[in-house]
Amino acid sequence: MDFFADEAPQTPTDQSELVVEAWCVLLVDDEPEVHDVTRMALRGFEFHKRPLELLSAYSAAEARSIFGSRDDIALAIVDVVMETEHAGLDLVRYLREECANHRTRLVLRTGQAGQAPEDRVIRDYDIDDYKEKTDLTTQKLRTLLYSMLRSYRDLCLIDTQRGGLSKVLNAVPKVQSAATLNVFASTVLEQLTSLLYLGDSAVYCLVLPGEGGDAQCARTLAATGRFVRFEVGPTFESLPEEVVGRFKSVLASKASAHFDDAFVLYLGGANGSVNLLYVTHVEPLNSFDEQLLEMFTHNVAITFQNISLMEDIQATSRELVYLLAGAVEARSRETGAHVKRVSIISERLAQLAGLSDIETELIKLASPLHDVGKVAIPDAILHKSGSLDAAEWEIMKRHVEHGVQILSGSQRAIIRKGAEIAAHHHERWDGAGYPNGLVGEQIPISGRITALADVFDALGSRRSYKQAYPEEQVIEVIRNERGRHFDPVLTDLLLHNASEFLAIRRQFPDDEHDG
């Protein structure tokens, strides 16, 4: 089972070439020397190992323009008096009310405190602090930045987790396939690393048993940040060399390991499998962080195992249906390829008809059971080379009743759908069918679909009572029976896509016996 990241793979970039994202801080002041002094005071400043990107605006109008082109401004230090006596206050109101920007931290800085009294400004304007220029020494300025950047970081985290929670909730009911598990696990991993203030890049691999921990049996179940860009497949060799090396080291030691910039979790799984989780970090993890990461890894591993088991059960169910239907066809001296083709043709018709994925899948799996009642028909009638007389035909028609009896009583969706199809696949759109003479949409859509698929395929196959029709004649018969034997809408769908359906017949010829 292959798992793929939810972004297209790109050419890997060496970790040493990765650019560290900077905190964007905007200085808004009409005095150039204020910009120079501020830049000097903040020289070499870092927070969480990320430097500053200092932008300058010399008026409120210029600041508006910069805000219009950037959505990553963490902090704006704004002078009150610039092109007007209240230009800074107007800028604050513009950002909070008109732009609905509640993430950027806003600090008013003034050299004329009397122009805007502190109490009134803090009460009436959505700002985060108010400072006089004379109060902002180098140390106080740096302290202010630490405080404001922490607040900005936490607001970004809340917004990210709100969006991430939505993704998680949307993915939960869909965790039933390999691709969806990858999306779900990656989304949860992204939120978890964000919550723990870890790096934004992580990758989770499951090393399957049977090859002694060899990298060739690895599967990537989740990837975030820069690791999403790397090709994901049956090996983690395509990941950065440093990551691969650390994975191999942990596999060899069979123990988790701490590195200066990352943590690799080793967790043994069921049936000899091994779970490896690689997370980057800014600061070392504590024991609680490790417990949460282990909990995540353990639960995704269980989900993976359950999905694998579910797929194995589903595959077994499909195989049993094909074997049962194939046995019926063999008794009728027909090939198992017929039921396979009817299944595929029915599935495609259901898709073209716009049925739901669940209904389409049920019709695909159940349609091979349409003639299961033939097991109760005597060989003399079932194998008769000529036409059946009236009495024999009445016996033959009872295969519908026998099929329903065989399949009735089950609470399994596939078997129940099989009983529905067996009961209705000989009804006709014009009401001339059997056993109940239903008309038009009185016939369940599953029966209408399987009836068309069954006849379309049977016409092109040799039977004890006829030779195979050439493709042109098959299409002509189907066209002539539109609105009589068959649902006209379904018939049009088949005729408009005739080449596709004929290709299915060629793909699984009658000499194939792998029912």
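Please treat every number below as a calculation from the coordinates, not as lab data. Values in this document were obtained by computation on a predicted structure and should not be read as measured data. For neighbour counting, all protein chains shown are included, and Cβ atoms are generated from backbone atoms with ideal geometry for every residue, glycine included.
Structure summary
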read-out	value
Pairs beyond 25 Å (Cα-Cα), from LYS417/LYS466; LYS340/LYS417; LYS397/LYS466; LYS340/LYS466; LYS340/LYS374; LYS364/LYS384	LYS417/LYS466; LYS364/LYS384
Cα radius of gyration and Dmax for segment 368-426 (Å)	12.3, 40
Length-normalised contact order for segment 18-159 - Cα pairs under 8 Å, 6+ apart - percent	24 percent
Using alpha carbons only: equivalent-ellipsoid semi-axes of segment 332-507, gyration tensor based, whole Å	22, 20, 16
Estimated FRET transfer efficiency when R0 is 60 angstrom, pair GLU401-GLU472 (beta carbons, to 0.05)	0.95
Student exercise, segment 18-159 dipole from Lys, Arg, Asp, Glu Cβ charges, in Debye to nearest 20	620 debye
Sorted by Cβ neighbour density within 10 Å, fewest at the top, the residues LYS466, LYS131	LYS466, LYS131
Residues LEU494, LEU388, sorted so that the one with the fewest Cβ neighbours within 10 Å comes first	LEU388, LEU494
Segment 332-507 - percent relative contact order, Cα under 8 Å, separation 6 or more	22 percent
Stokes-Einstein D (µm²/s) once Rh is taken as the Kirkwood radius of segment 31-114 over alpha-carbon pairs, at 4 °C in 1.567 mPa s	94 µm²/s
Extension gain from ASP36 to THR143, taking 0.36 nm per residue of separation minus the Cα-Cα distance	36.7 nm
Size of segment 18-159 as Cα extents on the principal axes (Å, biggest first)	45, 31, 26
